[in-house]
Amino acid sequence: MFGDLLDALAAQDLLLVWPLMLTFLTLDASAGIGLIVPGDALLIVAGTTADTPSEAVALIAAGVLACVTGASGGHWLGRTLGSRLRHGRLGRRVGEERWRRAEELFERSGWALALAYYLPVVHALTPAVAGALGMPNRRFMPWAVVGGTAWVSTYVTIGALAGGVVREHAELLLPVAAVAALVIVTVSAVVHRVVTAGRAASREPGSAARPPR
């Protein structure tokens, strides 16, 4: 059964996987889909469909393009709607705490904005917050490109490696899936700790908060 599942997944044509990735990741940060369905798992599953390194690279390219498009759209929405986005029906459902966490990233360096891609939910809010706070697109987008490229590359590669293992050893599907889930949780926890530690350092006496460069 598990072998048949992996064979069916691996048989998916890139012409089908690409548009799905492009659509989901574009809406991830522009329309708030990432607030409901974390993109990390999607990237890993998409990665499992890659049979060759060139297919994995093609998936990464599609994912990065979608991330950049979504970040640009989210920034435009934040700039256009401003606080109405945060205090509207969807914004209230997201919760003030999540908005605050996304906003606090701007107290740190640009690297915090890039690392935000590894924080589920928060990364989907970051482009809109950047636009609402008036951060110029030319300052925000380079960090979005860096973060999106690293995020997509990490999880598509993990998915490709996992898919390769399970295609050879179908009985390892559940352990491999568990390891992949553990990787997502661990990476998110480590990034959260790094960002939180940096935020605490910026609040120490004598440390002035500065916008990302």
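Descriptive notes on the structure:
- In this structure, Ala46 does not qualify as open to solvent by less than 80 Å² (accessible area, probe 1.4 Å), at pLDDT 75 or above and more than 17 Å from the chain's Cα centre (by Cα).
- Residue list for segment 49-78, restricted to those being open to solvent by 20 Å² or more (accessible area, probe 1.4 Å) and outside any helix (DSSP H, G or I): Asp51, Thr52
- Any hit, segment 132-139, residues being under 23 Å from Met21 (Cβ atoms) and touching a helix residue (DSSP H, G or I) at 6+ places or on another chain (Cβ under 8 Å): no
- Meeting the requirement of 1 or more residues that are closer than 22 Å to Ile33 by Cβ, open to solvent by less than 40 Å² (accessible area, probe 1.4 Å) and modelled with pLDDT of 85 or more, the helices (runs of 4 or more DSSP H) wholly within segment 94-209 are 110-115, 122-132, 137-168, 173-202.
- Residue count, segment 13-43 (criterion: closer than 20 Å to Leu161 by Cβ, within 11 Å of the chain's Cα centre (by Cα) and either in a helix (DSSP H, G or I) or basic (Lys, Arg) (or both)): 5
The values are calculated or read from the model by the stated rules, or taken from the named source; none is laboratory data. What you see is a predicted model, and the numbers here were worked out from it, not measured in a lab. Neighbour counts are summed over all protein chains in view; Cβ atoms, including those assigned to glycine, are modelled from backbone coordinates with ideal geometry. Areas reflect the complete protein model, heavy atoms only, side chains present, ligands, DNA and RNA absent. Shrake-Rupley method; radii C 1.70, N 1.55, O 1.52, S 1.80 Å.
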